[in-house]
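Colleague: My questions all concern the structure below.
Nothing in this text is a laboratory measurement; each read-out follows from the coordinates by a stated rule. As the structure is a prediction and not an experimental result, all values here were calculated from the model. Cβ atoms come from the backbone with ideal geometry, glycine included; neighbour counts cover every protein chain shown.
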Amino acid sequence: MRGKMIFNTGAALLDAVVLAIVSKEPEGTYGYKITQETRQVIDLSESTLYPVLRRLQRDGCLDVYDREFAGRKRRYYRLTESGRASLTAYREEWKCYSERITGIFEESGD
C-alpha cells in the first residue's frame with residue numbers, strides 16, 4: 001500500500017521526474033499525460049506542473065510543438081539534447097543520493 005509521500009519535493013527532483021517522463025516518448029508527450037504520470041509518484045496539481053514545463057522549456061531542456069488532436073491543438077513537449085544531458089546528470093545524482101539515504105536507514109538501530 002502506497003500512501004501520500006511525506007517528504008517535500010524540491011524543484012530539482014520535480015524537474016528530474018518530468019524529464020524522465022517526457023524522455024519515454026521520442027515524439028514527445030502532452031501536458032495532461034505528463035501530469036497524470038507525475039502524479040503516480042509525486043502529489044502535485046496541474047497548476048504546479050505547467051510552470052515547471054515552461055521553466056524547462058526556457059532553460060532549453062524541452063522543445064514544444066502543437067499537434068492536432070480531435071479537432072483541437074494539443075501542446076507536446078519533447079527532450080532536447082540539453083534536456084537529455086540534464087536527465088543523465090539527475091539520474092547519476094539520484095543514484096548516489098538514494099544509496100546514501102538507504103544506507104543510513106538500513107544502519108539505524110531501530
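Colleague: What distance in nm lies between label points placed 7 Å from Cα along the C-beta direction at D63 and A85?
Modeller: 1.7
Colleague: If the viscosity is 1.306 mPa s and the temperature 10 °C, what Stokes-Einstein diffusion coefficient in µm²/s follows for the chain when Rh is the Kirkwood radius over Cα pairs?
Modeller: After rounding, the answer is 104 µm²/s.
Colleague: Next question. What does the charge add up to near I21, with Lys and Arg as +1, Asp and Glu as -1, over the other residues with Cβ less than 10 Å from its Cβ?
Modeller: Neighbourhood net charge equals 0.
Colleague: Nearest 0.05, what FRET efficiency do R78 and S45 give at R0 = 30 Å with Cβ-Cβ as r?
Modeller: Once rounded, the FRET efficiency stands at 0.85.
Colleague: Evaluate the charge dipole of the chain about its Cα centre and quote only its size in Debye, nearest 20, assuming +1 on the Cβ of each Lys and Arg and -1 on the Cβ of each Asp and Glu.
Modeller: Here the size comes out at about 600 debye.
Colleague: Can you tell me the length gained on complete extension of the stretch Y97 to Q36, counting 0.36 nm per residue apart and subtracting the Cα distance?
Modeller: 19.4 nm
Colleague: Just want the ordering: Y97, Y30, Y76, from fewest to most Cβ atoms lying within 10 Å of their own Cβ.
Modeller: In order of increasing Cβ crowding within 10 Å: Y97, Y30, Y76.
Colleague: Compare the Cα positions of G31, A12, L62 along the charge dipole of the chain (+1 at Cβ of Lys, Arg; -1 at Cβ of Asp, Glu; about the Cα centre) and return the one farthest towards the positive end.
Modeller: Value computed over the given set: G31.
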